[in-house]
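The values are calculated or read from the model by the stated rules, or taken from the named source; none is laboratory data. Bear in mind that the values here come from a model prediction, so they are computed numbers and not experimental data. A quick note on method: Cβ atoms are made from the backbone with ideal geometry, for glycine too, and the neighbour counts reach across all protein chains shown.
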Amino acid sequence: MKKIFFLLLSLFIIFSCSNPNKQKEKNANNKTVFSYNEKDGISSLDPAESNVLTHIWVCNQLYNGLVQLDDSLNVLPSIAHSWEIQENGTKYIFHLRNDVLFHDNPCFPNNQGRKVVAYDFEFSFNRLLITSNSTAASLLSYIDRSEKTNFRPFQAINDSTFVIYLKQPYSVFLNILTMKYFSVIPYEAIDYYKRSFRTQAVGTGPFMLKKWEEGNKLILVKNPDYFEKDAQGIRLPYLDAVSIYFIRDKETAFIEFLNGKLDMISGADAINVNEVMDKSGLLNKIYTSKCYLQKANYLKTDYIGLLVDDKVMKNSPLHKKAFRQALNHAIDKDRLVKYFRNGIGMPAIAGIIPKGFKSFDTNKVKGYHYNPEKVKQLLKEAGYPDGNGLSEITLHITDDYKEQASFLQSQWKEFNIPIKISIEQPSVFRQATFLFQYEMFKKSWLADYIDEENFFSLFYSKNFSPVGFNYTHFKNAEFDLLYEKSLKTINEKEKINIYQQMDQILIDEAPSIFLYYDEVIRLVNHSITGLPLNPINLLSLKTVKKKM
């Protein structure tokens, strides 16, 4: 009944007339404002803490780094107009533009932003090593803080030259620098705002912070001094402002989208896919007059993490590999994708690496398929024949995944595997997974930078959370050796072979249950043009235009 009511309500909104007075008020100042929703909220505007997509999106509007990605995922100049890699890949020299200004802000004399210089990058990068709420330090494990560099891995040679020294070649380092962690910030802002900097963003990006009512609304306005221009020499961005709402209920957010309050809804989990899309994954015709669909492969894998650290969870059945394998074989991933996601994405029939990467090959990396007989065999091997002797295990999720979790729960129940579902608030969930407080949890991982190593870092033993992203606390000597070898390997064929070996180890050892490889799904208002789409779902608004 709820879905029928929602559909009828949506149809009513589509075909009813909008309030002309409200529309007149909205366009009174003739300003173009792009609005979108972040249902999980935003906890900080500090790029050093940009470890989730909601945070990365807003930071991408506020800050710039040395380099950036285009929509084909090529590394392009940003504040650095050029660079060289010397000394066998251990010395990176970046040459900076001289026309980049920090946003006007009270932390500067006369409230006027000053020019960015190389020292600002030295300060920003060193700060990442000591910021307690940042996980960026784990990405800088190969910087050279030895006597050889005078214990200074980051060095401003002069105002326009910035150098980074590494201990050894690190083949993915340039890609890593495209992440928002490595944005430049002014030391004046940290001195002025101290711990409250998280609410007082001062960057160089196409938009500046205007107002933030936490839990209600966040407003960004156009940076009139932004350094990038389009092909015709027109200064970006085109929009006057960006408005971010924090509507928790996805049905309410969708109604606001149909009403025109929001210009975009992003993610299959942010909409009722059964209402909005047909079984072939296309937009239902009743909505085509109101919006258009953006869809692309997504370098993102959704999975169930299993805490395999016996020092944390005592006497847990998850410590037994056979039991973890049984959990994997009990899930019909084809049904999960077809009926609970309307065909969006594809079943994770290989490992952690999603379709779109060069190492993805289901002929060489053999994942799990639904196999009831295998489940029974593995349960017996683990010492739990027919599920006998198993104590209840809690699967922790956020509200978005309750239907999927119920399906998984029913699948495991068929084999007498008792799984309880606990729905957590997003902020609580993030903190608890970092602090390895859950033995079973629903997570996803998307490519922060464009290399498979990004995904494998989740299982490298030196990245144990809370310092790194190894939430499962998986440790395997062979995997670690291959991981370290991959970082030094430049030959592409050899690297792909290493990645496939690593992926197979993760499948065999089963520290996680890989569910599906996602797709980027966006519903966009017809008034919006120039909104780019890419396989990492990075939101870039500097080239967006809105018809009034």
Review point. Out of all the residues in the range 144-151, is one or more touching a helix residue (DSSP H, G or I) at 6+ places or on another chain (Cβ under 6 Å) and either of a type outside the set (A, V, I, L, M) or assigned by TED's automatic domain parsing to the domain that holds Asn454 (or both)?
Key: no
Check your understanding: Considering the range 378-398 alone, what residues qualify as being touching a residue at least 40 places away in the same chain (Cβ under 8 Å) and over 15 Å from Ala510 (Cβ atoms)?
Key -> Gly383, Tyr384, Leu390, Ser391, Thr394, Leu395, His396, Ile397, Thr398
Exercise for review: Give the range 465-509 a look and list any residue that's surrounded by fewer than 16 Cβ atoms within 10 Å (Cβ to Cβ), closer than 27 Å to Glu49 by Cβ and not hydrophobic (A, V, I, L, M, F, W, C), or say none.
Suggested key: Pro466
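Report those strands (runs of 3 or more DSSP E) wholly inside the range 42-123 carrying at least 1 residues which are basic (Lys, Arg).
Details: elements: 67-69, 75-77, 80-86, 91-96.
Per the criteria, 91-96.
Could you check the range 276-304 and list, in sequence order, the residues that are touching a residue at least 24 places away in the same chain (Cβ under 8 Å) and either touching a helix residue (DSSP H, G or I) at 6+ places or on another chain (Cβ under 6 Å) or part of a helix (DSSP H, G or I) (or both)? Don't jump to the end; show me each part of the working.
Pass one, the range 276-304, residues touching a residue at least 24 places away in the same chain (Cβ under 8 Å): 276-281, 283, 286-287, 289-304.
Residues satisfying the conditions are Val276, Ile286, Tyr287, Lys290.
Working carefully through the options Ser160, Ser171, Ser124, find the one that is at pLDDT below 95 and either surrounded by fewer than 16 Cβ atoms within 10 Å (Cβ to Cβ) or not assigned by TED's automatic domain parsing to the domain that holds Lys495 (or both). Steps first, answer last, please.
Numbers: Ser160 fails: at pLDDT below 95; Ser124 fails: at pLDDT below 95.
Checking each option against the conditions leaves just Ser171.
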**Study point:** Unmet criterion (only one of (1) of a type in the set (Lys, Arg); (2) farther than 30 Å from Met277 by Cα; (3) in contact with a strand residue (DSSP E or B) (Cβ under 6 Å, 6 or more places away or on another chain)) for Lys333
**Key:** (2)
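Can you find even one residue in the range 488-508 that is farther than 23 Å from Gly356 by Cβ, in contact with a Pro (Cβ under 9 Å, 6 or more places away or on another chain) and of a type outside the set (Gly, Ala, Ser)? Steps first, please.
The first filter runs over the range 488-508 and keeps only residues farther than 23 Å from Gly356 by Cβ, leaving 488, 508.
This time we only want the ones that are in contact with a Pro (Cβ under 9 Å, 6 or more places away or on another chain), so: 488.
Checking the rest, the ones that are also of a type outside the set (Gly, Ala, Ser) come to 488.
Yes, the range 488-508 has at least one match.
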Review point. With the range 183-275 as the region, which strands (runs of 3 or more DSSP E) entirely inside it contain at least 3 residues that are surrounded by fewer than 16 Cβ atoms within 10 Å (Cβ to Cβ)?
Key: 207-213
Check your understanding: So which residues in the range 366-423 are assigned to a strand (DSSP E or B) and surrounded by 15 or more Cβ atoms within 10 Å (Cβ to Cβ), if there are any at all?
Key -> Ile393, Leu395, His396, Ile397, Thr398, Ile419, Ile421
Review point. Would you pick out the residues in the range 523-548 that are in contact with a Leu (Cβ under 8 Å, 6 or more places away or on another chain), at pLDDT 95 or above and not polar (S, T, N, Q)?
Key: Leu523, Val524, Leu531, Leu541, Lys542, Val544, Lys545, Lys546
Review point. Restricting attention to the range 389-408, does a residue exist that is more than 16 Å from Met440 (Cα to Cα), polar (S, T, N, Q) and either at pLDDT 95 or above or not assigned by TED's automatic domain parsing to the domain that holds Gly351 (or both)?
Key: no
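Just for the range 348-388: of the residues that are touching an Asp or Glu at 6+ places or on another chain (Cβ under 6 Å) and more than 25 Å from Pro418 (Cβ to Cβ), which one is modelled with the lowest pLDDT?
Phe357
Please go through the range 127-157 and give me each residue that is farther than 22 Å from Thr178 by Cβ and buried (at least 17 other Cβ atoms within 10 Å of the Cβ), ordered by number.
Step one: of the range 127-157, the residues farther than 22 Å from Thr178 by Cβ are 130, 132, 145-152, 157.
Answer for the range 127-157, where residues must be farther than 22 Å from Thr178 by Cβ and buried (at least 17 other Cβ atoms within 10 Å of the Cβ): just Thr149.
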